[in-house]
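To start, the structure itself, in structure tokens.
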Amino acid sequence: MALTITMGIQKGGCGKSTTTGILSYLLKEDGYRVLAIDMDSQGNLTELLSEQPSNEFIERSVLEALQQNDIKPYIVPISENLDLVPANNFLATLPRWIYTGKTYLGESIQYNGNPSLILDSALDQVRDKYDYIIIDTPPSLSEQTTNALCASEYVVVLFESSNWCYSALPNFMDSVDSANRFGNRDTKVVGILRTLNDARRSDAKAFNEMVAEDYPNHVFKTVITRKAPVGRLSLYGFNQNSELKQALELYRSFYKELIDRVEGK
Ligand SMILES: Nc1ncnc2c1ncn2[C@@H]1O[C@H](COP(=O)(O)OP(=O)(O)OP(=O)(O)O)[C@@H](O)[C@H]1O
Ligand SMILES: [Mg+2]
């Protein structure tokens, strides 16, 4: 049965999509069967993994999968052992559909269950086909995020060393606790990943230390620094990228820490 891990923080530009893409890639390279799910209407994970514009997936995305309560027809094979359920801008209409029963195309599809458990229920059909399901979330505490949290056993919290991310952190930890209470997955934070770090900035160093003091049992030892090859993954992707090795370098030690934690090593 797959273990599901969500990447999240309700603050923009903290490395959620980049980390989701890299983690999915490292897992499948290790021989695990991986399903990556894009729960962000920006479609960044979709574009990173598929190397196609997210508009290519209109009416063939996670939104329709949730509305039809059927994930399988919306799975896009990316490479051996790696599949994707894509997203595009229309995922922003998810809350409207949940609360009115009208899709953005004007169709009536009522959902009568818990509005935060739609993804969890849809994933039941595919959990036995994968070892890991990895979910990217938007920078908000929307229905997209609560559905991802309630569908996950584990959450990696992304922390980018800034004051506004520091203030986002306690609220996000509370949201994971709420998912633990309301969902069926015993959702918990598996770790806080300090990322997009600028080693030359003393304030970044101070925030890193504050988070380590506040959450000593949660921080990963690995700190991801800003590196041009990581930033350029969005340009070059994972195939025929001559700087992929440098892009993945720092992430390998995070990957090892994460696997040790979730597999109880
Ligand atoms: N370690 C890194 N070094 C350099 N650039 C990075 C690194 N990690 C991410 N980036 C770049 O920083 C930007 C933000 O990263 P990303 O899109 O992964 O964050 P996000 O949290 O998913 O953002 P959003 O909240 O908008 O979804 C992107 O342009 C990405 O390419
Ligand atoms: Mg993102």
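The table below gives the values:
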{"quantity": "Sum of -39500 (n - 2.57) over DSSP H runs of 4+, divided by residues of the chain (222 nm, nearest 500)", "calculated": "-12000 deg cm²/dmol"}
{"quantity": "Segment 77-116: relative contact order as a whole-number percent, Cα under 8 Å and 6+ apart", "calculated": "22 percent"}
{"quantity": "Where N is the number of residues in the chain, Cα Rg divided by 2.2 N^0.38 Å", "calculated": "0.96"}
{"quantity": "Listed peptides 115-124, 164-173 by packing density, highest first (mean Cβ within 10 Å)", "calculated": "115-124, 164-173"}
{"quantity": "Table column - 3J(HN,Hα) (Hz), segment 252-258, Karplus curve with 6.51, -1.76, 1.60, x for Gly and Pro", "calculated": "5, 6, 4, 4, 5, 4, 5"}
{"quantity": "Cα centroid of segment 15-29 to Cα centroid of segment 195-257, whole Å", "calculated": "12 Å"}
{"quantity": "Cα-centre dipole for segment 56-205 with unit charges at Cβ (Lys and Arg positive, Asp and Glu negative), debye to 20", "calculated": "380 debye"}
{"quantity": "Dipole magnitude of segment 3-262, debye to nearest 20 (Cβ charges: Lys/Arg +1, Asp/Glu -1, about Cα centre)", "calculated": "480 debye"}
{"quantity": "Top positive-direction residue, dipole computed over the chain with Cβ charges, set L82, W164, F207", "calculated": "F207"}
{"quantity": "Antiparallel DSSP beta bridges within the chain, as percent of all bridges there, nearest 5", "calculated": "10 percent"}
{"quantity": "Entries in K11/K72; K129/K221; K11/K188; K16/K227; K28/K227 that, when Cα-Cα distance is taken, lie over 25 Å", "calculated": "K11/K72; K129/K221"}
{"quantity": "Crossing angle, helix 163-182 versus the chain [Cα axis fit, 0-90 degrees, rounded to tens]", "calculated": "50 degrees"}
{"quantity": "Test item: Cα-centred dipole of segment 143-206, Lys/Arg +1 and Asp/Glu -1 on Cβ, debye", "calculated": "240 debye"}
{"quantity": "Solvent exposure of the chain as accessible area per residue, Å², 1.4 Å probe", "calculated": "44 Å²"}
{"quantity": "Segment 3-262: relative contact order as a whole-number percent, Cα under 8 Å and 6+ apart", "calculated": "23 percent"}
{"quantity": "Residues with amide H under 5 Å from that of V219, placed H, sequence gap 5 or more", "calculated": "I192"}
{"quantity": "Charge dipole (segment 3-262, unit charges on Cβ, about Cα centre) - positive-most of Y236, A65, L45", "calculated": "Y236"}
{"quantity": "The chain - percent of accessible surface contributed by carbon and sulfur, probe 1.4 Å", "calculated": "47 percent"}
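The values are calculated or read from the model by the stated rules, or taken from the named source; none is laboratory data. As the structure is a computational prediction, the values presented were derived from the model and not from experiment. Please note: Cβ atoms are built from the backbone with ideal geometry, for glycine as well, and neighbour counts cover all protein chains shown. Ligands, DNA and RNA are excluded from the accessible area calculation, which covers all protein heavy atoms including side chains. Shrake-Rupley method; radii C 1.70, N 1.55, O 1.52, S 1.80 Å.
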